[in-house]
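The values are calculated or read from the model by the stated rules, or taken from the named source; none is laboratory data. Given the structure is predicted, the values throughout are model-derived calculations rather than measurements. In this analysis, Cβ positions are derived from the backbone assuming ideal geometry, glycine residues included, and neighbour counts consider all displayed protein chains. Please note that ligands, DNA and RNA were not included when accessible areas were found on the heavy atoms of the full protein model with its side chains. Shrake-Rupley method; radii C 1.70, N 1.55, O 1.52, S 1.80 Å.
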Amino acid sequence: GINAEYGKQWYQRRVREAVVSTQSTGNIKTMTRDMLQDYITKHYQPNQIYLSAAGGVDHAELVKLAEKHFGGMQNGAVTSDVEYSPARYTGSLMNYRDDAIGLAHVAIAVEGASWTNPDYFALMIANTLVGSWSRAQGGGKTMPSKLARKMYEQGKPQSYMSFNTCYKDTGLWGAYGVCERQDDAVRVFCDTIQGEWRRLFRAVSPGEVQRAKNMLKTMMLSQCDGTTAVCEDIGRQMLTYGRRIPLAEIDARIEAVTPAVLKRVMGEYVYDRDPVVIGLGSTEGLPEYGLMKNMMSSPLD
């Protein structure tokens, strides 16, 4: 629900073009088998399909199987190679207060980078520095993220997580948290997140950056811990980049991010930028947008 609402703010064209959105649940109920079959016929065509394999696979045998099962497919007259207008980001606030939910779900984001943007890995490292935390997990005092340790000490949110969601020509970089309906938990959560973003722009240390780079490498490698995951990674990279990026190149790109690079990227994408703020649930304590906008560049740190 929260991620769908982001799109309503900054991906304005998606509201017009979305097949399914939070305001079109009626479309789901009216879908028929013919509609689904028509969609598959139009979009599931050879020029948009990648066949990937990993592990002990004989390439020649794989080619034979591909020819046997997919060789008869032909591109139709209609494909999904549609030219879209550039995405337009609009900073704003949407607050869906519903005290019956009992908890406050809050997301704060700024416009990020696309998959192929040179700043992608720098934003991923910043995302790793912000980190995540939940009361359900242990080790609050020993978390590598300074923000996670601070959240643990405050005890205000039940959980939080940073995110870096990329698309073809833009992205969303931010954080999402769940707060209880008590005192000023929502306000403290928002202030703490924005304070950490400002700190990453002003005072991140070389040691923190190196630790985040090591953590990012570990995470990316752990996501390819089996043949299924490797196949998914190959397909995703082919669709995104048009090629499989070698691990050595990924390592070099991550290592190229220095504290100075991180400061530049945080200044370009985050510091003093108009945020998108989404609130859902018991959000009585959600600060006004003007205040949150000002806190993106507060001189009070």
Practice task
Anything over 22 Å Cα to Cα? Flag those among LYS146/LYS213; LYS213/LYS263; LYS168/LYS263; LYS146/LYS217; LYS217/LYS263, in the order listed.
Solution key: LYS168/LYS263
Exercise for the section: Quick one: plug the Kirkwood hydrodynamic radius of segment 142-260 (C-alpha pairs) into Stokes-Einstein at 25 °C, 0.890 mPa s, and report D in µm²/s. Expected result: 145 µm²/s
Completion exercise
With only helices counted (DSSP H, runs n ≥ 4, each -39500 (n - 2.57)), the per-residue ellipticity at 222 nm for the chain, to the nearest 500, works out to -14000 deg cm²/dmol
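Full extension from ILE28 to GLN210: what is 0.36 nm times the residue separation minus their Cα-Cα distance, to one decimal in nm? Walk me through the numbers before you get to the answer.
Values: separation 182, 0.36 × 182 = 65.52 nm, distance 4.68 nm.
Computed gain between ILE28 and GLN210 is 60.8 nm.
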Exercise for the section: Would you mind telling me the share, in percent, of accessible area of the chain contributed by carbon and sulfur at probe 1.4 angstrom? Expected result: 54 percent
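Sorted by accessible area with a 1.4 angstrom probe, largest first, how do THR283, THR258 fall? Let's see the in-between values first.
Values: THR283 5, THR258 60 Å².
Descending accessible area places them as THR258, THR283.
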Fill in the blank from the handout: Note, segment 182-196: 3J(HN,Hα) by Karplus (6.51, -1.76, 1.60, θ = phi - 60°), whole Hz, Gly/Pro = x, goes 7, 6, 10, 4, 5, 5, 4, 4, 4, 4, 5, 4, 5, x, 5
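Please return the longest range in the chain lying between exposed loop sites, taking chymotrypsin sites (Phe, Trp or Tyr not before Pro), DSSP loop only, at most 14 other beta-carbon atoms within 10 Å, and leaving the sites out.
Working: sites that count: TYR44, TYR50, TYR84.
My reading of the result: 85-301 is the longest stretch.
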Exercise for the section: Please work out the average accessible area per residue across the chain, using the 1.4 Å probe convention, and give it in Å². Expected result: 56 Å²
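So for segment 49-207, averaging the separation of alpha carbon pairs under 8 Å that are six or more residues apart and normalising by length, what relative contact order in percent results?
Numbers: 181 pairs, mean separation 37.3, N = 159.
It comes to 23 percent, rounded to a whole number.
Before anything else, pin down the relative contact order of segment 152-262: Cα pairs under 8 Å, at least 6 apart, normalised by residue count, whole percent. Can you show the working numbers first?
On the way: 71 pairs, mean separation 21.7, N = 111.
Value for segment 152-262: 20 percent.
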Fill in the blank from the handout: Counting only residues 5 or more apart in sequence or on a different chain, those whose built amide H sits under 5 Å from that of LEU93 are VAL277
Completion exercise
Which residues qualify? For LYS156, with a placed amide H closer than 5 Å and at least 5 residues away or on another chain, they are none
Practice task
Would you mind checking which residues have amide H under 5 Å from THR283's amide H? H placed 1.01 Å from N; only 5 or more apart, or other chain.
Solution key: ASP98
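Got the relative contact order for the chain handy, in percent, Cα pairs under 8 Å and 6 or more residues apart? Working shown, then result.
On the way: 435 pairs, mean separation 82.8, N = 301.
Relative contact order, the chain: 28 percent.
Report the gain in length on full extension from ASN95 to ALA203: 0.36 nm times residue separation, minus Cα-Cα distance, nm rounded to one decimal. Present the calculation step by step, with values, prior to reporting the outcome.
Working: separation 108, 0.36 × 108 = 38.88 nm, distance 3.20 nm.
Contour length minus the Cα-Cα distance gives 35.7 nm.
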Exercise for the section: Go through LYS42, LYS141 and list them by solvent-accessible area, largest first, probe radius 1.4 Å. Expected result: LYS141, LYS42
Exercise for the section: Using only Cα positions of the chain, each an equal point scatterer, no hydration layer, compute I(q)/I(0) via Debye at q = 0.09, 0.13 Å⁻¹ and quote the log10 values to two decimals. Expected result: -0.56, -1.07
